[in-house]
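Undergrad: To start, I am sharing the structure in question, which I have written as structure tokens.
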Amino acid sequence: METATSMLQLGNFPVDKANYEEIKEYFSTFGLTPNQVKVFFYLGKVGQRSASDIAKAADIPRSETYHLLTALQNKGIVSATFEHPIKFSALPIQEAIHVLVSTETERLKKLKKSGPILEKLWEKIPGFSVDPNEEPEEKFQVLQGGNQVNSKIFDMILNAKNECRIAIDTN
């Protein structure tokens, strides 16, 4: 028998907390905030609802709920009706994932194109020059987040001359 602490209540809709937390983490990789996930999740599971219904069920102030719904509409994963009161609905999960992945893919393409342009502009502006005879000093870098850590480890391994030292703090 499941205990009440393993369940989350969204309005009258009971949700397994562990599954919800895992879903929330995956959506965060697409840049959704915890409250955006809560609103999308609620709409995706219970169907079309008004902002007032969503605010009550998700226990979010109604003014914030409108901001969250606007952000989700801008991401292309929530739509609204023209009726009064306005009702909002979430895309089916497969479509929402496709939209989010497509958006990220386009963003990465734009970044890739912008890199060389930024480098050229950067080089046009004079800056302080480093003395080539100066001994390089040892440095360290603090990274947070899986993408940054994985990228740095990969870069360090590929570019290591003799050894690569890594210290990890899991806190």
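Undergrad: Return only the number of the condition from (1) closer than 19 Å to Q36 by Cβ; (2) in a helix (DSSP H, G or I); (3) hydrophobic (A, V, I, L, M, F, W, C) that I117 does not satisfy.
TA: (1)
Undergrad: Give the residue, chosen from Y20, Y26, Y66, that is at pLDDT 95 or above and either part of a helix (DSSP H, G or I) or exposed (fewer than 12 other Cβ atoms within 10 Å of the Cβ) (or both). Talk me through it step by step, then tell me what you get.
TA: Numbers: Y20 fails: at pLDDT 95 or above; Y26 fails: at pLDDT 95 or above.
Exactly one of Y20, Y26, Y66 is at pLDDT 95 or above and either part of a helix (DSSP H, G or I) or exposed (fewer than 12 other Cβ atoms within 10 Å of the Cβ) (or both), namely Y66.
Undergrad: Suppose we filter L143, L111 for residues that are surrounded by 10 or more Cβ atoms within 10 Å (Cβ to Cβ) and assigned to a helix (DSSP H, G or I); which single one remains? Please lay out each step first, then the result.
TA: Numbers: L143 fails: assigned to a helix (DSSP H, G or I).
The match here is L111.
Undergrad: Would you mind telling me which numbered condition in (1) open to solvent by 70 Å² or more (accessible area, probe 1.4 Å); (2) in contact with a helix residue (DSSP H, G or I) (Cβ under 8 Å, 6 or more places away or on another chain) K120 fails?
TA: (2)
Undergrad: Let me ask something additional. Could you identify the single residue in V46, V37, V15 that is β-branched (V, I, T) and at pLDDT 95 or above? Lay out the reasoning, then the answer.
TA: Working: V46 fails: at pLDDT 95 or above; V15 fails: at pLDDT 95 or above.
After applying the criteria, what remains is V37.
Undergrad: Go through (1) farther than 14 Å from F40 by Cα; (2) touching a residue at least 12 places away in the same chain (Cβ under 8 Å); (3) open to solvent by 80 Å² or more (accessible area, probe 1.4 Å) and name the single condition T103 misses.
TA: With (1) farther than 14 Å from F40 by Cα; (2) touching a residue at least 12 places away in the same chain (Cβ under 8 Å); (3) open to solvent by 80 Å² or more (accessible area, probe 1.4 Å) applied to T103, the lone miss is (3).
Undergrad: Follow-up question, since we're still on this one. (1) open to solvent by 10 Å² or more (accessible area, probe 1.4 Å); (2) of a type in the set (A, V, I, L, M, F, W, C); (3) under 12 Å from L91 (Cα atoms): which one isn't true of A71, the others all being true?
TA: If we test A71 against (1) open to solvent by 10 Å² or more (accessible area, probe 1.4 Å); (2) of a type in the set (A, V, I, L, M, F, W, C); (3) under 12 Å from L91 (Cα atoms), just (3) comes out false.
Undergrad: Test of understanding: among A51, A57, which residue is among the small types (G, A, S), under 11 Å from V39 (Cβ atoms) and modelled with pLDDT of 95 or more? Even if it seems obvious, please write down each step before you answer.
TA: Numbers: A57 fails: modelled with pLDDT of 95 or more.
From the options A51, A57, the qualifying one is A51.
Undergrad: How many residues are without any contact (Cβ under 8 Å) to a residue 24 or more places away in the chain, within 20 Å of G76 (Cβ to Cβ) and either touching a strand residue (DSSP E or B) at 6+ places or on another chain (Cβ under 9 Å) or β-branched (V, I, T) (or both) when one looks only at region 34-59?
TA: Residues of region 34-59 that are without any contact (Cβ under 8 Å) to a residue 24 or more places away in the chain, as a first pass: 34, 37, 55, 59.
Now restrict to residues that are within 20 Å of G76 (Cβ to Cβ): 34, 37.
Those still in the list that are either touching a strand residue (DSSP E or B) at 6+ places or on another chain (Cβ under 9 Å) or β-branched (V, I, T) (or both) too: 37.
Adding up the residues that qualify gives 1.
Undergrad: Let me ask another. Scan region 107-121 and tell me whether some residue there is free of Cβ contacts under 8 Å to residues at least 12 places away in the same chain, within 23 Å of F40 (Cβ to Cβ) and not polar (S, T, N, Q). Please lay out each step first, then the result.
TA: Step one: filter region 107-121 for residues free of Cβ contacts under 8 Å to residues at least 12 places away in the same chain, giving 107-121.
Next, from what is left, pick out any that are within 23 Å of F40 (Cβ to Cβ): 107-108.
Next, only the ones that are not polar (S, T, N, Q) stay: 107-108.
Yes: region 107-121 contains one or more residues that are free of Cβ contacts under 8 Å to residues at least 12 places away in the same chain, within 23 Å of F40 (Cβ to Cβ) and not polar (S, T, N, Q).
Undergrad: Considering only region 29-50, state which residues are crowded, with 20+ Cβ neighbours inside 10 Å and either assigned to a helix (DSSP H, G or I) or among the aromatic types (F, W, Y) (or both).
TA: Answer for region 29-50, where residues must be crowded, with 20+ Cβ neighbours inside 10 Å and either assigned to a helix (DSSP H, G or I) or among the aromatic types (F, W, Y) (or both): Q36, V37, K38, V39, F40, F41, Y42, L43.
The values are calculated or read from the model by the stated rules, or taken from the named source; none is laboratory data. All values reported here derive from a predicted model rather than from experimental measurement. No Cβ is skipped: glycine too gets one built from the backbone with ideal geometry, and neighbour counts run over all protein chains shown. When the accessible area is computed, the model is the full protein with side chains, heavy atoms only, and any ligands, DNA or RNA have been set aside. Shrake-Rupley method; radii C 1.70, N 1.55, O 1.52, S 1.80 Å.
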